[in-house]
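S.K.: Below you'll find the structure I mean.
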Amino acid sequence: MLQQPDQSGRRRAVRKAVAVTIGLANLGLAFYALDAVENRWVKLTAAMMAAAVGLSAAGFVEFHTRLIDGIVPPGPMRSRPAVAAAAATIMVAAAIVTVLELTRADGACPQALELRVLTAPEGVPAVRELTHEYALVTARANNGCPAVYPYVYAAGTATVSGALARRWADAATERPLEQIGPRPDLWLPDSVLDVRRVQDIVVKGALPTPLERVTSIATSPIVLAGTDVPDVPDSDTHTLPELVSALLSRTDRQPSLAAPDPAASPAGLLAADVYLRGAGGELVGPDVAHRRARVVFDSTDSAADEAGVLCAFLREGKAPPAVLTSLRTWQRFAAGRALGGGCQVPLPAPADLPEPVVLKSAPALDHPFVQFTWTGERQRRAVEGFRDWLRSEDADAHLSAAGLGEPHPACSDLDLNACVPHDPDRTLALYEKAKRPGRVLLAVDASGSMAEAGRFTVAVQGVGQALGRLGPSDEVGLWSFPAARGRGSYELVAVAPGSDRHRRAVTDTLRTVRPAGVTPLYDTVLDGMGSLAARPGGDRIRAMVVLTDGEDSGGGPGLRATVDRVRRLAAAGIRLYVIATGEARCDNLQGAGPLYQLARAGRGECLRAAPEAVPETMARLFENLWSGQ
């Protein structure tokens with residue numbers, strides 16, 4: 001007779017094959033859990049599964065075979081390998097989890113999700129403080145390991161508006177990824193005015209909107225602060241335009257009021273909407289606007305943004321007589337904390353500062369939290385978690401510490417927003433009409449180092465872009481240093497009104513310069529400011545702008561002598577601005593460097609710009625110095 005196949009043996013072989021398959025699947029899940037899961041009990045279970053394989057392959061198969069058969073023996077298992085595997089699994093698993101915990105205690109957390117946060121230059125310190133606190137919150141809920149790694153970076157509205165509207169794609173002269181940074185996961189500008197600017201570009205260009213959700217997370221009203229500001233009772237009977245009008249109408253002394261540039265800062269635009277209104281709240285006429293704009297310019301050493309305005313006072317260790325700024329920035333100023341912008345390093349605050357005047361009716365920064373349509377799912381969850389935390393009671397103390405108040409319900413809408421003027425374009429148009437024409441002498445470094453990495457070529461592009469802000473009433477002249485061979489002076493193009501022909505002459509002449517030689521910076525500054533002082537200015541803003549990638553190497557007067565003479569020329573109404581690029585810095589390891597000291601003595605500003613950012617930096621500066629009319 002033919003022998004019947006051993007059916008039970010076959011079944012046993014099949015069960016073992018299935019057991020091995022299930023075991024290997026469990027093993028894969030175990031190693032995945034050890035790598036990806038943070039819960040220690042899940043890790044313990046995973047470690048048990050992994051340890052079973054390492055101890056005994058026979059016990060491993062036996063364990064899963066019995067598991068399939070549903071056998072639960074009443075006594076000790078007959079397979080000693082299975083018993084050994086089961087017993088040792090628990091001990092080895094405990095050892096694995098202990099080692100993992102000890103390793104993590106030394107700082108070896110899994111890689112956190114990078115959260116890219118774009119904000120305004122003045123907002124960088126406060127946003128970094130808030131994102132740091134949120135990362136700690138995620139760590140407390142994640143066995144000590146932060147779930148997010150916030151990367152905070154900054155750019156002004158004029159720089160980012162077009163990039164955001166185009167979904168961070170390159171344009172003819174803009175390369176956001178190179179010039180600004182990675183495409184953000186969220187945006188924390190200072191005001192809904194910034195968001196509206198992006199929206200306007202989207203509508204005009206018929207572009208798909210990048211804006212998914214806009215949420216107000218805090219407010220910061222514009223306040224009147226300083227040593228010459230009178231005390232005002234906490235009452236709704238006063239308005240900020242009323243108090244500022246009284247301050248600017250004083251006859252017992254020369255009025256003073258510092259404020260940021262409206263074209264460069266949302267806080268500056270809100271401040272302008274205060275000082276360009278009369279006591280009754282109406283916009284003033286052109287003549288009054290002209291006088292007030294002049295007072296503000298003459299009272300403000302650095303007018304780019306509110307951080308720069310107050311930083312100039314901090315550098316001198318004194319308080320402003322009067323300033324319009326946000327409560328956030330004033331509180332940081334009074335506490336000696338980093339302000340942002342060009343004042344990232346904390347500086348000691350002046351003593352005995354009076355309390356600012358805070359009125360409920362004042363315009364305010366509404367600090368929107370902007371989410372984008374392009375954000376991926378993982379980033380989206382992290383962004384929403386950060387937003388929800390900022391709007392929870394747990395974040396209130398941290399927002400207050402950062403100088404931010406609670407959001408106002410009337411300031412949460414993108415269009416009908418009570419925090420900003422009803423028609424800010426009218427305010428900005430009045431300010432532009434009130435600006436005085438400028439007479440600017442531009443001196444471009446043409447030393448040998450400017451030939452490196454195309455710096456001089458970028459400088460030429462920057463000059464061309466800056467001239468786009470020039471109006472027919474404005475005047476400009478061009479120098480380069482050192483003087484080229486065969487040329488007895490630094491002058492390339494004499495100062496003249498900004499006609500189209502004159503603009504072309506400036507850019508065409510600068511293109512003919514070939515960088516070479518040393519950097520006679522101090523001689524150039526003194527000669528240029530002296531030439532401006534020798535010519536009557538009338539009602540013009542007179543300023544010298546120097547673009548350089550290094551410090552003086554021309555063997556002229558020393559720094560101290562140059563600073564003293566620059567200070568005397570500034571007293572005659574000539575301002576000095578320095579754009580530092582390449583290896584040049586405004587500050588050095590000892591603090592304020594030579595370039596900053598020169599600009600400070602000249603009542604101007606030292607602006608640090610990477611070579612690719614020179615055109616935008618130069619255009620922004622000249623927009624403040626020229627009327628454009």
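The values are calculated or read from the model by the stated rules, or taken from the named source; none is laboratory data. Given the structure is predicted, the values throughout are model-derived calculations rather than measurements. Because the Cβ atoms are built from the backbone with ideal geometry, glycine has one as well, and the counts that use them run over all protein chains shown. The area values use the complete protein model at the heavy-atom level, side chains included, leaving out ligands, DNA and RNA. Shrake-Rupley method; radii C 1.70, N 1.55, O 1.52, S 1.80 Å.
S.K.: For the stretch 320-354, name all the residues that are over 20 Å from residue 304 (Cβ atoms) and either without any contact (Cβ under 8 Å) to a residue 12 or more places away in the chain or small (Gly, Ala, Ser) (or both).
M.R.: 334, 335, 336, 349, 351, 352
S.K.: Condition first: free of Cβ contacts under 8 Å to residues at least 40 places away in the same chain, of a type in the set (A, V, I, L, M, F, W, C) and more than 15 Å from residue 439 (Cα to Cα). Now tell me which residues in the stretch 460-501 satisfy that.
M.R.: Scanning the stretch 460-501 gives 483, 484, 492.
S.K.: For the stretch 240-250, does any single residue satisfy the condition of being of a type in the set (A, V, I, L, M, F, W, C), out of contact with any strand residue (DSSP E or B) (no Cβ under 7 Å at 6 or more places or on another chain) and part of a loop (DSSP other than H, G, I, E, B)? Steps first, answer last, please.
M.R.: Start the filter on the stretch 240-250 by keeping residues that are of a type in the set (A, V, I, L, M, F, W, C), which leaves 240, 243-244, 246-248.
Filter once more, so that each one left must be out of contact with any strand residue (DSSP E or B) (no Cβ under 7 Å at 6 or more places or on another chain): 246-248.
Then keep just the ones that are part of a loop (DSSP other than H, G, I, E, B); that gives none.
No, the stretch 240-250 has no match at all.
Residue-wise test of (1) of a type in the set (Asp, Glu); (2) touching a strand residue (DSSP E or B) at 6+ places or on another chain (Cβ under 8 Å); (3) closer than 20 Å to residue 543 by Cβ.
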| residue | (1), (2), (3) |
| --- | --- |
| 282 | yes, no, no |
| 290 | no, no, yes |
| 298 | yes, no, yes |
| 306 | yes, yes, no |
| 309 | no, yes, yes |
| 315 | no, yes, yes |
| 320 | no, yes, no |
| 330 | no, yes, no |
| 338 | no, no, no |
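S.K.: Just need a number here: residues in the stretch 112-129 that are within 18 Å of residue 391 (Cβ to Cβ), open to solvent by less than 10 Å² (accessible area, probe 1.4 Å) and not small (Gly, Ala, Ser).
M.R.: 3
S.K.: Tell me, yes or no, whether the stretch 158-177 has at least one residue that is open to solvent by 10 Å² or more (accessible area, probe 1.4 Å), within 29 Å of residue 111 (Cβ to Cβ) and touching an Asp or Glu at 6+ places or on another chain (Cβ under 9 Å).
M.R.: The answer is yes; a qualifying residue exists.
S.K.: Here's a follow-up. Enumerate the helices (runs of 4 or more DSSP H) found wholly within the stretch 290-394, keeping only those where 1 or more residues are more than 29 Å from residue 438 (Cα to Cα).
M.R.: The helices (runs of 4 or more DSSP H) meeting that bar are 327-335, 377-390.
S.K.: State all residues of the stretch 190-206 that are surrounded by 13 or more Cβ atoms within 10 Å (Cβ to Cβ) and either more than 18 Å from the chain's Cα centre (by Cα) or of a type in the set (A, V, I, L, M) (or both); if no residue qualifies, say none.
M.R.: Residues satisfying the conditions are 192, 193, 195, 196, 198, 199, 201, 202.
S.K.: Taking residue 504 as the residue in question, decide whether it is open to solvent by 20 Å² or more (accessible area, probe 1.4 Å), farther than 20 Å from residue 548 by Cβ and part of a loop (DSSP other than H, G, I, E, B).
M.R.: no
S.K.: Of the residues that make up the stretch 475-495, is at least one of a type in the set (D, E, K, R), at pLDDT below 90 and under 25 Å from residue 537 (Cα atoms)? Spell out the reasoning first.
M.R.: At the first step, the residues of the stretch 475-495 found to be of a type in the set (D, E, K, R) are 475, 485, 487, 491.
Add one more test, that the residue is at pLDDT below 90, and what stays is 485, 487.
Add one more test, that the residue is under 25 Å from residue 537 (Cα atoms), and what stays is none.
Scanning the stretch 475-495 turns up no residue that is of a type in the set (D, E, K, R), at pLDDT below 90 and under 25 Å from residue 537 (Cα atoms).
S.K.: Something else about it: Picking from 300, 325, 373, which residue would you name as being crowded, with 16+ Cβ neighbours inside 10 Å and out of contact with any Leu (no Cβ under 7 Å at 6 or more places or on another chain)? Explain how you work it out, then say what you get.
M.R.: Details: 325 fails: out of contact with any Leu (no Cβ under 7 Å at 6 or more places or on another chain); 373 fails: crowded, with 16+ Cβ neighbours inside 10 Å.
Criteria check complete, one pass: 300.
S.K.: Another question about this same structure. Every residue in the stretch 369-382 that is over 20 Å from residue 208 (Cβ atoms) and in contact (Cβ under 8 Å) with a residue 60 or more places away in the chain, please.
M.R.: 369, 378, 382 - these are the residues of the stretch 369-382 that are over 20 Å from residue 208 (Cβ atoms) and in contact (Cβ under 8 Å) with a residue 60 or more places away in the chain.
S.K.: Can you tell me which condition residue 448 does not meet? The list is (1) over 19 Å from residue 621 (Cα atoms); (2) exposed (fewer than 14 other Cβ atoms within 10 Å of the Cβ), and all the others hold.
M.R.: (2)
S.K.: Show the residue pairs meeting these rules: Cβ distance below 6 Å; 6+ apart or different chains; first residue within the stretch 389-404 and farther than 19 Å from residue 326 by Cα; second residue buried (at least 19 other Cβ atoms within 10 Å of the Cβ).
M.R.: Short answer, once both residue conditions are applied: 389/134; 389/395; 390/217.
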